[in-house]
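Asker: Handing you this structure, nothing more for now.
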Amino acid sequence: MQAFLDHLDARDPDYALACAIDAARLPAHIAIIMDGNGRWARRRGLPRVAGHKAGIQPVRETVETCARLGLGALTLYAFSVENWKRPRTEVDTLWRLLRIYLRAELDEMHRHDIRFTAIGRLDELPNFVRKELDGVIRSTARNRGLQLNLAINYGGRAELVDAVKALVEDGAEIDEAAISARLYTAGMPDPDLLIRTSGEMRVSNFLLWQIAYAELYVTETLWPDFTRAELLRAILDYQKRDRRFGGIREPLPVENLEHATIPAR
Ligand code: IPE
Ligand code: IPE
Ligand code: MG
């Protein structure tokens, strides 16, 4: 958090926003459904792929901000298992842009001590994409800062199917911990905050198990227009929420043991 404030100019409007954030209560894990690239392009009379291209800068800014804030994990939804339904040319462009992003950002990831990981059915991706991903995963594996986790060819239901298959194979006892341990996100904390851009009020098969108690933040902003300020506002909004996890708001009263004892006959 201090590192974040230090690199900002105090006159930057984001400085005041950042100062309002309680560093002790940052979300451990933020997940983002980066939506609205196509609409951003259409509004400008551009092809959809221009929106995907314009969506790279907010990814950079978001990753850098999360790293400087000292966040534990950031999961970005980049491609769903359903996105194969799109025209071949759009899908191919997405893979090319992903490669460009990974190549351009590797140094930056090391500079910010970012550990890169990917979740989804990665074995179904084109070879050149897998190779690129594997290279960045290996290269950043020893970094200890932010875990940047990209969801690619990801589906929440597919993930649960894969987890159940693994459970059956292992013959393990079935409980919540056993399922969590076999998800692609095994070892990661569940997201505390789920952000979706472009105003859609749905989760589109994203982290279905893991978002059980995530706080949701939906903004009308289209992904290419998403800024650091909006990310900070989402975190501030999150910090105002009353997270009850099914319990009650009042602190539990200190137990009065005298009342709790069974009266003697
Ligand atoms: C999100 O933007 C990017 C991906 C799903 C890859 P969209 O491409 O879904 O943009 P809209 O929702 O059509 O505007
Ligand atoms: C969700 O966006 C997937 C990603 C952001 C990668 P979509 O645009 O695919 O979701 P729907 O179709 O609006 O539900
Ligand atoms: Mg969309």
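The values are calculated or read from the model by the stated rules, or taken from the named source; none is laboratory data. This is a predicted model, so every value here is computed, not measured. Backbone-built Cβ (ideal geometry, glycine too); neighbour counts: all protein chains shown. Heavy atoms of the whole protein, side chains included, go into the accessibility calculation; ligands, DNA and RNA do not. Shrake-Rupley method; radii C 1.70, N 1.55, O 1.52, S 1.80 Å.
Asker: So, for the chain, what is the accessible surface per residue at a probe of 1.4 Å, expressed in square angstrom?
Answerer: 55 Å²
Asker: Of the accessible area of the chain, with the probe set at 1.4 angstrom, what percent is carbon plus sulfur?
Answerer: That fraction is 52 percent.
Asker: Loop only by DSSP, 12 or fewer other Cβ within 10 Å of the Cβ. Give me the GluC sites (Glu not before Pro) in segment 66-134 that pass, ordered by residue number.
Answerer: For GluC sites (Glu not before Pro) across segment 66-134 that sit outside H, G, I, E and B with at most 12 neighbouring Cβ atoms in 10 Å, the list is empty.
Asker: Fully extended, how many nm does the chain gain between residue 157 and residue 202 (0.36 nm per residue separation, minus their Cα-Cα distance)?
Answerer: 14.7 nm
Asker: Next question, about the same structure. Amide H neighbours of residue 80 under 5 Å, counting only residues 5+ apart in sequence or on other chains, H built in-plane at 1.01 Å?
Answerer: Counting only residues 5 or more places away or on other chains, the set is 153, 154.
Asker: Related question: Exposed loop sites here are chymotrypsin sites (Phe, Trp or Tyr not before Pro) in DSSP loop states with at most 13 other C-beta atoms within 10 Å. What is the longest stretch of the chain lacking them?
Answerer: Formally, the longest exposed-site-free interval is 1-212.
Asker: To the nearest 0.05, what FRET efficiency results for residue 124 and residue 175 with a Förster distance of 30 Å applied to their C-beta separation?
Answerer: 0.50
Asker: Which trypsin sites (Lys or Arg not before Pro) does segment 54-142 hold that lie in a coil by DSSP with at most 14 other beta carbons within 10 Å?
Answerer: For trypsin sites (Lys or Arg not before Pro) across segment 54-142 that sit outside H, G, I, E and B with at most 14 neighbouring Cβ atoms in 10 Å, the list reads 142.
Asker: Hey, can you grab everything whose amide H is under 5 Å from the amide H of residue 71? Only 5+ residues off in sequence or another chain; H modelled, so Pro and N-termini drop out.
Answerer: Sorted by chain and number, the residues that satisfy this come to none at all.
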